[in-house]
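Quick notes on the structure that follows.
The values are calculated or read from the model by the stated rules, or taken from the named source; none is laboratory data. Here the structure is a predicted model, which is why all the values come from computation and not from measurement. Methodologically, a virtual Cβ is constructed for each residue, glycine included, from the backbone with ideal geometry; neighbour enumeration extends over all protein chains shown. Remember, those area values only see protein heavy atoms, side chains included, never the ligands or the DNA or RNA. Shrake-Rupley method; radii C 1.70, N 1.55, O 1.52, S 1.80 Å.
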Amino acid sequence: MDRLPRELVEEIVLFFAHVGTKNDVLDKRLVCRDFNRLLRPLACRTINLDSTRLSRHSNFAKPRAEGLQTIGHRCKALHIDMTVLRDDCMIYHPKALSHHLTSQPTLTTFWSLDEVDTLNSWFRGMPNLEFFCLALRRRYSFSESAFTELDFYQAAAEVLFYCRDIDRARICLPFPLIGVHCGAATRVVANALKALAQRPEEDSTPLRTLVVDGIADDTMCELWMNPTDVLNMQTLLPSVETLALTVRRLGAVSFSATMFGVALWNMLYHTARMRSLSLTQWCWGGRPDASGAAGELDVTRFSDMDHPRWLESRFPGPGAQLVPARPAYLELKHMSILPEDLLRIAEAFGPALEELHMKNVSLMTRQSIIENTASDNHLWVGRPNEDPGPRLWMAMCFRALMPKLRVCRCAHLGYALYLEGTSIVADDFDRADPAGLGRSIAQRFVEVATGLRQPPLSSGEPAFFHPHDARFVGLAHDLEERQGRVRIADHDYVAHRLAAADPPPDYRYSLDGLFRNAAAGSLRELHYIVDKIQEGLAGMKSRAEDGAEGAAAAGLVPDLLPPNPPAAE
């Protein structure tokens, strides 16, 4: 190495840093002083705080004040990963659960208990899982034997005290592998926001980017019912310029969609400087995310679910009384939404919006033998050369409400149809390309919303889309001429992400733009927990042959483990 020019050595080492993993970079930093000088600024950009580093049972090194003092000025991002934590209310409400633990478990009991108590009830009497059941409470939950809420808050506050240049933070919340509720997530996010809001005022860089993954709708509602948490959010959020939320919807077992909408949009109301907003819905239980990977038609019949419950799965829009910040970048993913709510979002953000990105978003609409019989009341694109009248057609509405829109990319736009009868009256919608070119709904929506002239219809007649409001009647003919075929990367969200040489930053993937957000210890522990749960569920199935109790338990086994959250894609 001494024979090579210093510049070449630096280039080789930096290239290695950009292609290697963070653990490899940390190891090579110890090779020599030159490697340490080059690699330490890169390896220390993001500091991880996860449960495996806080637990008293872990072999990983705990955050030390002297170490934080040394690298504090190099840290720019904080990654909090508490996904390993399991929910155990025995520690906080022992009397309330005593009668459940001494009685025969039932289906109602399983879903009323927290995850640890549910698993202990299921796996009771399995010798091979006794240690695992004990570890759930002593090692993987907030407890004196592992670490407490106060330990977590003090560790986060200490990191922020010594690392005052941190301007980006990602909070990965625990999510249940069994059941739906997770009280531990509420305690984690409340303490994390408190630590971020109460940073030392002197010399601390304001938080510019905040990513919260896996926040449940009941957690958000509970935060907004606690004055202390509200004050912390009001202190923290005004400086945030980039906000990304992955919301875990719990359906009928949680707060109403209206209550969740009030909490969500009140939170966004306080982000006065927000320039970029990403909202992702992670549905839980009831119905799948939006309309599936194909972005086509998802049908729910009255026999499957009543209409009020179906409406509760929607992603709520802002109220008319709130005027949230107006970002230039908006991203919506994996959600079903009412047309009225989507238009309220467009109206609230439209005047300043420059970039719109949507993936796997479904319009929720209803049909019966007397309502929406032509399946044209709520459409993404609409029908060419027709006056929409009172019907809500999104593309031209968006164009009228977003005068500054210059970039629009969408993928898998579809429909979520609630059917009052037994059979579909009409399922045409606007899924067929009127020009006969085979373009998807998403592509045609992007073209119409951005004012691109449409190709003639199959009959040869020119195609025009009319606005809903007479004030914007000129938009029908104020069009940009087509320059041949539209490149797929120019209109498709997924294709652009794959093909772009310089894609927009994805803070869910990497906070520092170099290394992936991942805590190796947390991933190992999660895999261990999942493997043990699957082992226990297999044991429950095998006991089904022993009698009615085993058969009843086996009936609970299928489809309990949820899919990976969108943030882990």
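The table that follows gives values for the structure above.
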item	result
Every pair of residues 6+ apart whose Cβ atoms lie under 9 Å, when the first sits in region 348-360 and is within 16 Å of Ile337 (Cα to Cα) and open to solvent by 10 Å² or more (accessible area, probe 1.4 Å) while the second is assigned to a strand (DSSP E or B) and acidic (Asp, Glu)	Lys359/Glu331
Matching residues in region 297-354 - criterion: being over 19 Å from Glu241 (Cβ atoms), over 19 Å from the mean Cα position of the chain (by Cα) and of a type in the set (Phe, Trp, Tyr)	Phe302, Trp310
From the options Ser459, Ser423, residue that is among the hydroxyl-bearing types (Ser, Thr, Tyr) and closer than 29 Å to Arg366 by Cβ	Ser423
Pair list, Cβ under 8 Å, 6 or more apart: region 412-435 residue within 16 Å of Ile337 (Cα to Cα) and open to solvent by 10 Å² or more (accessible area, probe 1.4 Å), other residue at pLDDT below 90 and not in a loop (DSSP other than H, G, I, E, B)	none
Given (1) under 17 Å from Ala489 (Cα atoms); (2) not in a loop (DSSP other than H, G, I, E, B), index of the condition Arg439 fails	(2)
Helices (runs of 4 or more DSSP H) enclosed by region 303-416 - at least 1 residues per element that are over 23 Å from Ala435 (Cβ atoms) and in contact with a strand residue (DSSP E or B) (Cβ under 7 Å, 6 or more places away or on another chain)	307-311, 339-349
Test result for Ser522, open to solvent by less than 50 Å² (accessible area, probe 1.4 Å), under 30 Å from Val84 (Cβ atoms), of a type in the set (Gly, Ala, Ser) and part of a loop (DSSP other than H, G, I, E, B)	no
Spans of helices (runs of 4 or more DSSP H) in region 16-87 with at least 3 residues out of contact with any Leu (no Cβ under 8 Å at 6 or more places or on another chain) and free of Cβ contacts under 8 Å to residues at least 12 places away in the same chain	65-71
Which listed residue is open to solvent by 40 Å² or more (accessible area, probe 1.4 Å), modelled with pLDDT of 85 or more and either touching a Pro at 6+ places or on another chain (Cβ under 7 Å) or within 30 Å of Phe16 (Cα to Cα) (or both), from Val486, Val473	Val473
Count of residues meeting criterion [out of contact with any Pro (no Cβ under 8 Å at 6 or more places or on another chain) and either in a helix (DSSP H, G or I) or open to solvent by less than 50 Å² (accessible area, probe 1.4 Å) (or both)] in region 445-466	8
Number of the condition not met by Asp213 [criteria: (1) open to solvent by 50 Å² or more (accessible area, probe 1.4 Å); (2) more than 24 Å from Leu338 (Cβ to Cβ)]	(1)
Region 234-286: number of residues that are out of contact with any Pro (no Cβ under 6 Å at 6 or more places or on another chain), open to solvent by 40 Å² or more (accessible area, probe 1.4 Å) and of a type in the set (A, V, I, L, M, F, W, C)	5
Number of the exception - Gly125 against (1) modelled with pLDDT under 90; (2) within 16 Å of Asp50 (Cα to Cα)	(2)
Close pairs from region 522-542: first within 13 Å of Tyr140 (Cα to Cα), partner among the charged types (D, E, K, R) and outside any helix (DSSP H, G or I), Cβ under 6 Å, at least 6 apart	Ser522/Asp50; Ser522/Asp81
Qualifying residue in region 380-389 (condition: within 26 Å of the chain's Cα centre (by Cα) and closer than 18 Å to Gly317 by Cβ)	yes
